[in-house]
């Protein structure tokens with residue numbers, strides 16, 4: 001990579017000197033995200049993923065200018081919005097520029113007839129959902145990071161939300177979006193409401209983690225807020241029985257908006273009750289009154305058929321009030337030697353239980369607590385979400401422990417043929433395993449990368465690129 005000084009001088013001339021930051025504090029801040037490993041490294045004062053400059057842009061035109069200067073000077077560009085990634089997507093690995101798009105003015109426009117909202121990519125998701133709900137609408141997209149993540153980040157990481165069993169993931173919710181390529185060209189990709197003119201090119205940039213282009217605006221589906229929501233907590237005799245319930249309701253074609261199965265260890269945690277001695281299932285049905293009640297009754301029957309029993313709505317109701325709370329992990333990471341990690345994978349119905357048992361067994365020696373739940377259900381399988389918590393004595397030991405956790409989890413998942421990520425994306429945490437995970441499909445990704453970013457400047461070091 002060339003000396004960046006001439007590039008930074010050019011950017012200062014084009015964008016103004018205040019747009020280009022090279023002070024130590026700014027560079028250090030942009031070298032970390034919400035990845036627990038990165039958080040521990042920050043506590044140790046180790047800023048290993050550091051750019052040469054942070055460039056703040058406030059318009060698509062400024063993005064194109066920054067990309068052009070970077071291309072002229074062979075500088076890598078890593079896009080960053082709100083920095084809520086928990087796997088290291090916005091961290092630069094080859095220096096260059098961090099392109100800070102969080103200052104692009106927020107804008108959104110609701111089309112109530114078509115039931116869509118067009119929004120700037122840097123818009124805070126929680127703020128958008130709040131504003132839509134004031135008008136009687138919802139995005140249907142509700143990740144735990146809702147209030148700390150951006151709309152464009154959802155597309156870039158192929159995110160999904162806590163109510164995906166009803167609404168689907170971001171790939172089901174996006175209608176169209178605008179992206180600026182590394183070459184400076186602007187492309188609008190859309191389907192209204194569906195299109196069969198060639199491949200669905202909207203899929204190209206979903207999950208691309210900023211390696212193929214910069215998303216600037218997004219059009220999403222919106223939904224009227226449901227008139228009725230019915231919540232229920234069930235106890236189940238075993239994780240196996242719970243997974244059987246998840247599969248049976250999927251096979252029956254039910255669409256509960258909430259479906260979360262906790263193993264016994266996490267059931268105690270989520271219900272804040274150490275006396276719990278069974279797995280627990282949370283469900284929620286919504287919509288018109290007659291439809292919601294019919295679905296809830298059907299779920300009652302399915303659960304009873306697998307040895308489960310209703311325990312009332314209180315457990316789910318309390319969880320609904322704190323479902324965006326990430327403080328348990330953050331408080332532990334703030335302690336000297338404390339560590340915590342979340343790892344989400346996915347598998348088919350035939351593979352998910354062997355994967356659950358293998359992962360919890362392999363990870364048990366590496367943490368004080370290994371908690372697990374199944375929270376995104378499909379006709380062919382489900383996700384598995386693991387939470388690990390522990391103390392390693394010192395932050396340095398915690399870093400080593402977290403690295404071992406990732407190596408162990410990815411090895412076991414690969415051995416079982418599982419999907420290495422369900423909704424957190426790859427980032428730095430999973431990049432070393434991308435080629436093995438994608439197999440021959442990685443060839444297509446490499447060719448796309450070469451075609452759209454021939455100089456390899458956009459977010460290098462991610463997705464095995």
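The values are calculated or read from the model by the stated rules, or taken from the named source; none is laboratory data. What you see is a predicted model; the values in this text were computed from it and never measured. Cβ coordinates were reconstructed from backbone atoms using ideal geometry, including for glycine residues, and neighbour counts include every protein chain displayed.
Filter region 83-101 down to residues that are in a strand (DSSP E or B) and either touching a helix residue (DSSP H, G or I) at 6+ places or on another chain (Cβ under 7 Å) or at positive phi (or both) and give me whichever is surrounded by the fewest Cβ atoms within 10 Å (Cβ to Cβ). Write out each step before concluding.
Filtering region 83-101 down to residues in a strand (DSSP E or B) leaves 97-100.
Checking the rest, the ones that are also either touching a helix residue (DSSP H, G or I) at 6+ places or on another chain (Cβ under 7 Å) or at positive phi (or both) come to 97, 99.
On the way: 97: 29, 99: 27.
The extreme case among them is 99.
Evaluate the following for residue 237: is it buried (at least 20 other Cβ atoms within 10 Å of the Cβ) and either touching a strand residue (DSSP E or B) at 6+ places or on another chain (Cβ under 9 Å) or in contact (Cβ under 8 Å) with a residue 40 or more places away in the chain (or both)? Judged against the criteria, residue 237 is not a match.
Grab the helices (runs of 4 or more DSSP H) fully contained in region 379-449, keeping just those with 3 or more residues being in contact with a helix residue (DSSP H, G or I) (Cβ under 6 Å, 6 or more places away or on another chain), at pLDDT below 95 and crowded, with 19+ Cβ neighbours inside 10 Å. Before you say what the answer is, go through the steps one by one.
Numbers: elements: 395-415, 427-430, 434-438.
By residue number, no helices (runs of 4 or more DSSP H) qualify.
I need a count of the residues in region 112-139 that are in a loop (DSSP other than H, G, I, E, B) and under 18 Å from residue 206 (Cα atoms).
Filtering region 112-139 for residues in a loop (DSSP other than H, G, I, E, B) gives 112-115, 121-123, 135-136, 139.
Within this subset, residues satisfying the condition of being under 18 Å from residue 206 (Cα atoms) are 121-123, 139.
Adding up the residues that qualify gives 4.
Restricting to region 279-290, name every residue that is surrounded by fewer than 21 Cβ atoms within 10 Å (Cβ to Cβ), under 31 Å from the mean Cα position of the chain (by Cα) and outside any strand (DSSP E or B). If the condition is that a residue be surrounded by fewer than 21 Cβ atoms within 10 Å (Cβ to Cβ), under 31 Å from the mean Cα position of the chain (by Cα) and outside any strand (DSSP E or B), then 288 is the only one that fits.
Run down 130, 157 and say which single residue is out of contact with any helix residue (DSSP H, G or I) (no Cβ under 6 Å at 6 or more places or on another chain) and crowded, with 17+ Cβ neighbours inside 10 Å.
Details: 130 fails: crowded, with 17+ Cβ neighbours inside 10 Å.
Within the list 130, 157, the selection yields 157.
Filtering region 333-352 to residues that are over 23 Å from residue 169 (Cα atoms) and either at pLDDT below 95 or crowded, with 18+ Cβ neighbours inside 10 Å (or both) leaves 333, 338, 339, 340.
Across region 364-377, which residue is surrounded by the fewest Cβ atoms within 10 Å (Cβ to Cβ) among those that are farther than 17 Å from residue 243 by Cβ and in contact with a helix residue (DSSP H, G or I) (Cβ under 6 Å, 6 or more places away or on another chain)? So, considering only residues that are farther than 17 Å from residue 243 by Cβ and in contact with a helix residue (DSSP H, G or I) (Cβ under 6 Å, 6 or more places away or on another chain), the one surrounded by the fewest Cβ atoms within 10 Å (Cβ to Cβ) is 366.
Scoring residue 28 on the criteria (1) farther than 30 Å from residue 221 by Cβ; (2) outside any helix (DSSP H, G or I); (3) under 27 Å from the mean Cα position of the chain (by Cα) leaves a single failure, condition (2).
Which one of 87, 48 is within 17 Å of the chain's Cα centre (by Cα), more than 22 Å from residue 186 (Cβ to Cβ) and not assigned by TED's automatic domain parsing to the domain that holds residue 214?
Numbers: 48 fails: within 17 Å of the chain's Cα centre (by Cα).
Of the residues listed, the single one that is within 17 Å of the chain's Cα centre (by Cα), more than 22 Å from residue 186 (Cβ to Cβ) and not assigned by TED's automatic domain parsing to the domain that holds residue 214 is 87.
Considering the conditions (1) touching a helix residue (DSSP H, G or I) at 6+ places or on another chain (Cβ under 8 Å); (2) touching a residue at least 60 places away in the same chain (Cβ under 8 Å); (3) more than 30 Å from residue 465 (Cα to Cα), residue 215 is excluded by exactly one of them, (3).
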